[in-house]
2 protein chains.
Amino acid sequence: MIPAAHDGGSPPLMEYERDPAAIYEASFRIIEAEADLARVPEEARPLAIRLIHACGMTDITADLAVSAGAVERGIAALRAGAAIFCDAEMVAHGIIRRHLPAGNDVICRLNDAGVAERATALRTTRSAAQVELWGDDLAGAVIAIGNAPTALFHLLERLRDGAPRPALILGFPVGFVGAAESKAALAGHSFGVPFVTLFGRRGGSALAAAAVNALSLMAKGAGA
Amino acid sequence: MIPAAHDGGSPPLMEYERDPAAIYEASFRIIEAEADLARVPEEARPLAIRLIHACGMTDITADLAVSAGAVERGIAALRAGAAIFCDAEMVAHGIIRRHLPAGNDVICRLNDAGVAERATALRTTRSAAQVELWGDDLAGAVIAIGNAPTALFHLLERLRDGAPRPALILGFPVGFVGAAESKAALAGHSFGVPFVTLFGRRGGSALAAAAVNALSLMAKGAGA
């Protein structure tokens, strides 16, 4: 920990960039200068840039995995009006509605009636239990998982058992127990579903939402 | 980028921890084993553990700054029913309502009527413009900034100009333009307001929300 400075002396002059467009532009310039984007396939670079922008870490390119065709598939699905299922309210609230190309529904069932009871019955988390509520609506949907490894694991179990195939899985569980493992499982066998994921412990709602936002902008032809 | 594995072969067996309590316990055990918590003042350790848990990165203890008395002040404010002002909807939606010790209000004004126009008039971001709407309600409030450097900078400007003092500032802007600078400004001169911050580019809504959740649990005497 860095010791906090004593609070004294004169108030600082604060010079900082206030213009939203200039902030974005400067951010993307820094990311392009510092990040190793060459290791990311060309069609996935706008996505990688948005992910880096969301977390402030340029080195995530080393852990990023994008399956062949995933970006194209995500763009097509969003353009076609695919619903977006999120494992956490934070993910849903990070998705910028005005960027969505087709007024797509953004759905989080975590707090639906009955989810807690279902979780208890299944001896799992509410995050995982809600996956059951996605049911046949999985077909053609975009799945954005930014919190719970158990949600991603349970989605994979449902796919193994024959559930309808989503268009794309954005797999960004975070943390110490199951996050790395669930993302390795996704990349190792996604049951034919294209995916984007970040190996290791890092992840989170901001990354899952940023992935959707990047694909939305690409779907609207707005680039990064 | 790690090449995605080909999708073939037999479906994997998935063995993973499903029990929410066991997941928390295992996570905290790993964090305590791996993180350098000794560098964090004792009263701030439950907070540091929750922050690490939220981002999956044990090394944030190196960049964490907690001003003297900040934890105590935050706990007291939450117990007294302090409102929590958030700069982003993602922060507000990451705050676990059932943990709040006094049914505290959680407020985000980013999408209030007039914020966009105010931002244009002030030639700044909507995130910063909303800070003006916090007005006299700043007094005694807990401020959770998890996204915009401009919001933190503008809050500091308001305090410099004599705005009422919040009880605590949780400063976690993220990114490449202004994030590190805004947090350095907070730590360098917070106008007498206790603070918690994470130096550098890292930060985000999940960390700001986790800080509130940690203080809520401490306020309820539930530890980490």
Magnitude of the Cβ-charge dipole of the protein assembly as shown, K/R +1 and D/E -1, about the Cα centre, nearest 20 debye?
-> 400
Could you work out, residue by residue across A:86-94, how many beta carbons of other chains sit within 10 Å of that residue's beta carbon, and then give the average as an integer?
-> 5
Packing-based exposure ordering (other Cβ within 10 Å, fewest first) of A:Arg98, B:Arg123 | A:Arg98, B:Arg123
Chain B: most fluctuating residue of B:Asp136, B:Asp19, B:Asp161 per GNM, C-alpha cutoff 10 Å | B:Asp19
Go ahead and set up a Gaussian network model of chain B, Cα springs under 10 Å, then flag whichever of B:Ile145, B:Ile31, B:Ile84 fluctuates most.
-> B:Ile31
In a shell of Cβ-Cβ distance under 14 Å around A:Phe85, excluding A:Phe85 itself, what net charge do Lys and Arg (+1) and Asp and Glu (-1) give?
-> -4
Fewest-first ordering of A:Lys183, B:Lys220 by Cβ atoms within 10 Å yields B:Lys220, A:Lys183
Dimensionless Rg over Rh [the range B:20-219; C-alpha; Kirkwood] | 0.96
When the charge dipole of chain B is computed with +1 on Lys and Arg Cβ and -1 on Asp and Glu Cβ about the Cα centre, the Cα farthest towards its positive end, among B:Phe85, B:Pro46, B:Ala22, belongs to B:Phe85
Residue-count net charge about A:Val71 - beta-carbon cut-off 15 Å; Lys, Arg +1, Asp, Glu -1 = +2
Once you have the Kirkwood Rh of the protein assembly as shown from its Cα pairs, apply Stokes-Einstein at 4 °C and 1.567 mPa s and quote D in µm²/s.
-> 59
Mind jotting down the distance between the C-alpha centroids of the range B:90-156 and the range A:44-103, whole Å?
-> 25
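Any read-out appearing in this document is the output of simple, stated calculations on the displayed coordinates, not a laboratory observation. This is a predicted model, so every value here is computed, not measured. Virtual Cβ from ideal backbone geometry, glycine too; neighbours counted across all protein chains shown.
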